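Written out below as structure tokens is the structure these notes cover.
The values are calculated or read from the model by the stated rules, or taken from the named source; none is laboratory data. These figures come from a predicted structure and were not determined experimentally. Virtual Cβ from ideal backbone geometry, glycine too; neighbours counted across all protein chains shown.
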Amino acid sequence: MTEKTLDKTKPSLNIAKSSKGNLYSVYLIFILLLAYTFSFIDRQILSLLVEPMKRDLSINDTQMSLLQGLSFALFYTLMGLPLGRLADSKSRRGIIAGSIFVWSLMTAACGLVKGYWGLFFARMGVGVGEAGLSPAAYSLIADSVEKKHLAKAIGIYTMGIYLGGGMALIVGGMVIQWAEEFSTITLPLIGEVYAWQAVFLAVGLPGLLLVPFLFTLKEPSRPQIHEKSVPVAEVIQFFKQNKKTILLHNLGAALASVGGYGALAWVPSYLIRVHGMTGGEVGLAFGIIVLFCGAGGVIIGGVLADKRCKAGQSDAKIRVAMWAMIIGIIPTLIYPLISDLQLVLIILAISTFFANFMMGLGPAAIQEVVPSNMRGQFSALYLFVVNLIGLGLGPTLVALSTDYIFGSPEMVGYSLLLVTSFAMAGSALLLGKCLPHYRKTLTSLEKSNCK
């Protein structure tokens, strides 16, 4: 009787332990999702402020695009490499907490500086702060959830792009609509600032409230690693052995990001200039599209890839992303050519859905094909390539096309069509070429782990 009771008790204890672990994993992903959401609120708010900033700073689309892209991307990518290496041996929660502190203060600083170059350097500071988040977050997630749920878990984390971007557009649109009544605002202790500067202060400072929650997270054990970082020579050797997999994957993701970041930066201006919407109307309409369709694309992409992986398709993450790029080209070519606003928004929503599959599947794929003690560094390399090309060039290529190819701000829709469709086609091509190399690397890594 006692033996039977003990036999029945053991499974229930295992279930309780598993349930507790699952609850913590949900909490971990939720905190990291909040962090990514705050980072994208701070990053995305600029796209709604294009018109008042151009007016008050007397700058053109190309100069504005440098604030949206290059000023941020330059230091975001450069600092990501050393911070990614730190994430492979030091406290990942500490790195993330420090990052949130820095980028929140630097976003608020964007509301205090005077002139274009002051704003340019403040945006660099935002990039420095945000550089530490994702390499450490990807590594934490990969060491905290089961492999079979990895794509879905990173997809949920990546939803921060769309929650943050969508909230920045929706709430920012409301604030901008209110602020349109004023050219300047007088704030306590600070004095008179432009209305758009007050928006930076409003979205930057609340991020500091998240910092204490990072210290409630645990540092999971790191397989294959002790106190010291893996030697750089070993990392370089792994890269050389798998360079086709890594480069084709990273460049394919980078081209997808050219289209994605180009659209995030300039669709609001397209809707204002071509379809006569106000900043508040754009914030609500495009914010809802980014929030639901962008996040939906990431989650559905992760779920589809996880299902295909369970069915035995080892390259599912790359394959699903490739097909999403191919399908997504069609609505991307159509919406800038339509005059009916409601139809534009519907087709734009479809384009946004498919264009963002890669945002979750890209980092999930990297976690799968590199050793656990190199995840932070290869995540940082991935982010370096993706953001230097995608974030650094995406907004600027659209602006250059508008200023120097089509020659009119009202032609920004054609610039979006040109840049985003070519970028998505190039992404699909590179991901297709990556498939056999990805499978080879995955097989090789699984064999080495079994030794």
(request) Please work out which residue is nearest to the chain's Cα centre (by Cα), limiting yourself to the stretch 402-425 and to residues that are within 18 Å of R273 (Cα to Cα) and crowded, with 22+ Cβ neighbours inside 10 Å. (result) L416
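Yes or no, residue by residue, for (1) closer than 21 Å to L205 by Cβ; (2) at pLDDT below 85; (3) among the aromatic types (F, W, Y):
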residue	(1), (2), (3)
L13	no, yes, no
F30	no, no, yes
P52	yes, yes, no
S58	no, yes, no
(request) Exactly one condition in (1) under 22 Å from S39 (Cβ atoms); (2) at pLDDT 90 or above is not met by V199; state its number. (result) (2)
(message) I need the full set of residues from the stretch 179-196 which are surrounded by fewer than 19 Cβ atoms within 10 Å (Cβ to Cβ) and modelled with pLDDT under 70, in order please.
(response) E180, E181, F182, S183, T184
(request) Count, please, the residues in the stretch 62-93 that happen to be surrounded by 24 or more Cβ atoms within 10 Å (Cβ to Cβ) and farther than 19 Å from V230 by Cα. (result) 7
(message) Can you name every one of the helices (runs of 4 or more DSSP H) wholly within the stretch 266-382 that holds 1 or more residues which are modelled with pLDDT under 90?
(response) 279-288, 295-310, 357-369
(message) Please verify whether E219 is part of a loop (DSSP other than H, G, I, E, B) and either in contact with a His (Cβ under 8 Å, 6 or more places away or on another chain) or modelled with pLDDT of 80 or more (or both), treating the condition exactly as stated.
(response) yes
(request) Find the residue count for the stretch 324-348, including only residues that are touching a residue at least 40 places away in the same chain (Cβ under 8 Å) and either surrounded by fewer than 21 Cβ atoms within 10 Å (Cβ to Cβ) or of a type in the set (D, E) (or both). (result) 5
(request) Determine if the stretch 19-28 includes at least one residue that is surrounded by 20 or more Cβ atoms within 10 Å (Cβ to Cβ) and in contact with a Leu (Cβ under 9 Å, 6 or more places away or on another chain). (result) yes
(request) Provide a single number: the residues in the stretch 224-246 that are at pLDDT below 85 and part of a loop (DSSP other than H, G, I, E, B). (result) 8
(message) Checking the conditions here, which among G280, G362, G294, G262 is touching a residue at least 12 places away in the same chain (Cβ under 8 Å), surrounded by fewer than 24 Cβ atoms within 10 Å (Cβ to Cβ) and either over 23 Å from K433 (Cα atoms) or out of contact with any Pro (no Cβ under 9 Å at 6 or more places or on another chain) (or both)?
(response) G280
(message) Which of the numbered conditions does M79 fail, given that it passes all the others? Conditions: (1) touching a Ser or Thr at 6+ places or on another chain (Cβ under 9 Å); (2) modelled with pLDDT under 90; (3) closer than 25 Å to V258 by Cα.
(response) (1)
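Residue-wise test of (1) under 22 Å from G69 (Cα atoms); (2) surrounded by 24 or more Cβ atoms within 10 Å (Cβ to Cβ).
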site: K114; (1), (2): yes, no
site: G118; (1), (2): yes, no
site: R123; (1), (2): yes, yes
site: L133; (1), (2): yes, yes
site: H149; (1), (2): no, no
site: A153; (1), (2): no, yes
(message) Take the conditions closer than 23 Å to L150 by Cα, at pLDDT 85 or above and buried (at least 22 other Cβ atoms within 10 Å of the Cβ) and apply them to V385. Does it pass?
(response) no
